[in-house]
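Colleague: Below: one structure in structure tokens.
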Amino acid sequence: MREADDPHVSLSLLEIFGAMMRCATTVEAAEQLGISQPAVSNGLRQLERELGVTLFERVHRRLEPTAEALSLYEELRPMFGVLRGFMLRARDIRQGKFGRIRIVATPPIGHTLAPRAMKALVQDRPEVSISYDVRRLEDVCAAVKEGSADVGIALALDHHLDLNIEILHRTHMVALVPEDSPLASQPEVTAHDLAGERFVGLEAASRLGQLVRTAFERDHAAYDPRVEARYCSTAAALAQAGLGIAVVDPYTAELHRDSGLVQRPFSPPCEISAAVIQRKGVPRTRLVHSFVEELRRQFRSSPVA
């Protein structure tokens with residue numbers, strides 16, 4: 001239990017005292033603390049009243065620390081180091097230079113632009129760590145909603161009742177065509193073109209698979225893939241292996257640019273959006289904000305139109 005006459009001193013007064021012990025004048029101490037000179041003088045007087053001890057005496061128009069002040073400063077010196085470390089850490093957190101960020105993404109962005117954004121994020125932030133996973137869309141949404149991920153990244157998700165969706169980029173699906181295919185010389189590949197070709201489809205349960213099926217229906221073309229795959233990356237690998245033409249997102253297609261395949265616009269157009277996903281009602285931390293900005297820069301510099 002604290003005695004009635006024990007002083008109760010605020011950290012701000014101790015900061016003023018510490019600055020004054022390190023500096024030659026109240027003006028210099030004020031500059032170091034970023035406050036006014038009168039605030040330093042008033043703070044010192046208040047501290048002396050609360051402690052009941054004279055800390056400084058005016059000698060030849062200068063304030064000189066008393067023996068009591070020197071003794072107290074030696075006691076407080078370790079605390080000033082701790083306080084400075086605390087303030088520096090708070091600054092790093094505020095500027096997104098410290099902490100751990102949990103990211104989960106669907107494969108198209110998760111295997112392409114997201115790793116580049118993470119590399120840029122940690123490049124000048126040695127005290128930032130990342131937990132990263134690539135999952136299907138339903139699992140990405142569930143992880144963000146339950147709080148096991150700070151931010152999610154996905155394609156073809158414009159709205160969600162329980163999550164905040166921010167669209168970073170819009171583009172269209174493309175066809176990956178073997179270089180020696182007659183379709184490689186065409187300016188675009190249509191659903192009708194693929195009706196007579198070996199074709200790698202996307203699983204109907206996926207959003208991108210639904211988009212491609214709908215495009216075939218709009219073009220009144222028969223949808224009859226030779227092989228179906230869950231992910232665009234798998235479909236692209238199958239196309240590269242010679243199993244047929246694949247319609248995939250352009251981010252995945254960029255990874256296969258020099259693999260014997262060429263990209264062609266796919267028609268009817270299948271628009272897709274790249275989005276950042278966060279929980280509703282949860283403020284975006286500075287670290288998450290920094291990552292989203294890095295990701296936005298990756299989209300701006302990407303060759304994907």
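Colleague: Could you give the C-alpha radius of gyration of segment 228-291 expressed as a fraction of 2.2 N^0.38 Å, taking N as the number of residues it contains?
Modeller: Details: Rg = 16.5 Å, N = 64, 2.2 N^0.38 = 10.7 Å.
Dividing the Cα Rg of segment 228-291 by 2.2 N^0.38 Å gives 1.54.
Colleague: Given Cβ point charges of +1 (Lys, Arg) and -1 (Asp, Glu) and nothing else, what value in debye, to the nearest 20, does the dipole of the chain about its Cα centre take?
Modeller: Numbers: 37 positive and 40 negative charges, 73 e Å.
That gives a dipole near 360 debye.
Colleague: Charges only on Cβ, +1 for Lys and Arg, -1 for Asp and Glu: so what's the dipole of segment 174-269 about the Cα centre, in debye to the nearest 20?
Modeller: 220 debye
Colleague: Select from Cys23, Ser267, Val247 the residue farthest towards the positive end of the dipole of the chain; place +1 on Cβ of Lys and Arg, -1 on Cβ of Asp and Glu, and compute about the Cα centre.
Modeller: Checked the options; the winner is Cys23.
Colleague: Could I ask something else about it? Order by neighbour count: Asp180, Asp133, Asp150, Asp224, fewest other Cβ atoms within 10 Å first, most last.
Modeller: On the way: Asp180 8, Asp133 15, Asp150 22, Asp224 11.
The most exposed by this proxy come first: Asp180, Asp224, Asp133, Asp150.
Colleague: Would you mind telling me which residue in Arg49, Arg125, Arg116 has the biggest mean-square fluctuation in a Gaussian network model of the chain, where springs connect alpha carbons within a distance under 10 angstrom?
Modeller: Largest GNM mean-square fluctuation: Arg49.
Colleague: Further question: With bins 20 Å wide starting at 0, give me the P(r) of the chain over every alpha carbon pair, in whole percents.
Modeller: 27, 33, 20, 15, 5
Colleague: Mind checking Rg over Rh on segment 174-269, alpha carbons, Kirkwood formula for Rh? Before the final figure, lay out the partial values.
Modeller: Details: Rg = 11.6 Å, Rh = 12.7 Å.
Value, to two decimals: 0.91.
Colleague: Taking only Cα atoms and a 10 Å spring cutoff, compute GNM fluctuations for the chain and point out the largest among Ala205, Ala114, Ala215.
Modeller: Ala205
Colleague: Size of segment 11-94 along its principal axes in angstrom, Cα-based, largest extent first?
Modeller: The Cα atoms of segment 11-94 stretch 43, 26, 21 Å along the principal axes, largest first.
Colleague: Taking the Cα centre of segment 11-94 as the origin, how large is its charge dipole in debye, to the nearest 20, when only Lys and Arg (+1) and Asp and Glu (-1) carry charge on their Cβ atoms? Numbers along the way, then the final one.
Modeller: On the way: 11 positive and 11 negative charges, 57 e Å.
Dipole about the Cα centre, nearest 20: 280 debye.
Colleague: What do you get when you divide the Cα radius of gyration of segment 264-305 by 2.2 N^0.38 Å, with N the number of residues?
Modeller: Numbers: Rg = 14.4 Å, N = 42, 2.2 N^0.38 = 9.1 Å.
It is 1.58.
Colleague: Just tell me the longest site-free run in the chain, where the sites are GluC sites (Glu not before Pro) in a DSSP loop having at most 12 other beta-carbon atoms within 10 Å. The partial results should precede the final answer.
Modeller: Details: sites that count: Glu3, Glu179.
Between exposed loop sites, the widest span is 4-178.
Colleague: From the helices alone, meaning DSSP H stretches of at least four residues, give me the mean residue ellipticity at 222 nm for the chain, per-run term -39500 (n - 2.57), in deg cm²/dmol to the nearest 500. Mind showing how you got there, number by number?
Modeller: On the way: 12 runs with 136 residues, N = 305.
After summing the helix terms and dividing by residue count, I get -13500 deg cm²/dmol.
Colleague: Can you give the % of DSSP beta bridges in the chain that are antiparallel, to the nearest 5?
Modeller: Numbers: 25 of 43 bridges.
Antiparallel bridges make up about 60 percent of those DSSP assigns within the chain.
Values in this text are rule-based calculations from the coordinates and carry no lab data. These numbers were taken from a predicted model, which means no experiment stands behind them. Glycine also receives a Cβ, built like all others from the backbone with ideal geometry; neighbour counts cover every protein chain displayed.
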